[in-house]
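Heads up, the thing below is written out as structure tokens.
Just so it is clear, none of the values below were taken in a lab; they were calculated from the coordinates. In this text, all values refer to a predicted model and were calculated from it rather than measured experimentally. Here Cβ is always computed from backbone atoms with ideal geometry, including for glycine, and neighbour counts include all displayed protein chains.
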Amino acid sequence: MSVNSQLADYQTRLDAALMPVVTRDWKPRSAFKNDDLKPGHYTLVYRGEKSPEPHQTYIQFLMIGRIYCGKDATGEQIEQAELNLLQAFKDFVFTSAPEIEIGSVACSHQQEHPDGWFVAECSAGPFDFQHNQDWLGDETDIDGIKASRAPDIGLEHEEDYVSLPTLEESDG
């Protein structure tokens with residue numbers, strides 16, 4: 001699994017759950033027709049990641065919600081449309097993606113009439129994106145690797161370790 005595949009998975013799941021359009025392709029407002037934004041439009045934008053340990057990566061992303069409310073919409077109606085769009089995203093997180101944490105949320109403050117929008121700063125994880133790391137590198141010969149089971153481990157139990165079979169032995 002990679003960061004990109006995890007974000008693509010969120011996009012697919014969000015698209016199925018939220019119904020309006022969900023993309024990972026941010027565009028300026030001028031790229032949309034009003035009708036494109038009437039049902040609501042979500043954009044998931046990768047911001048970066050935090051990795052306190054190699055196998056614990058937290059993806060940081062923005063969820064941007066946009067909606068066109070109509071030329072006669074009041075400020076309160078725009079605000080309500082933003083809140084509804086945000087609530088649909090929160091419902092998805094709370095029911096289908098508990099690994100996502102929604103941080104701060106900003107909105108249009110009714111300043112971009114007739115459009116409404118919100119931007120939610122999100123973090124998801126932890127994920128282990130190192131699991132497919134090739135620890136042997138170019139080395140394919142595993143002769144000499146030994147293993148044991150607890151409690152018979154450690155230097156004082158060296159005689160309890162058994163050699164792992166080679167690839168040829170395990171295939172036959």
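The charge dipole of the range 3-127, taken about its Cα centre with unit charges on the Cβ of Lys, Arg, Asp and Glu (plus for the first two, minus for the last two), comes to roughly 260 debye. Once the Cβ-Cβ distance of Val45 and Glu76 is raised to the sixth power relative to R0 = 30 Å, the FRET efficiency obtained is 0.60.
In summary, no lysines lie within cross-link reach of Lys146, defined as a Cα separation below 18 angstrom excluding same-chain residues under 8 places away. Computed over all pairs of different Cα atoms, the Kirkwood value for the hydrodynamic radius of the range 3-127 is 15.0 Å.
Applying 0.36 nm per residue to the separation of Ser104 and Ile64 and subtracting their alpha-carbon distance, the gain on full extension is 13.2 nm.
Once the Cβ-Cβ distance of Gln11 and Ala147 is raised to the sixth power relative to R0 = 35 Å, the FRET efficiency obtained is 0.30.
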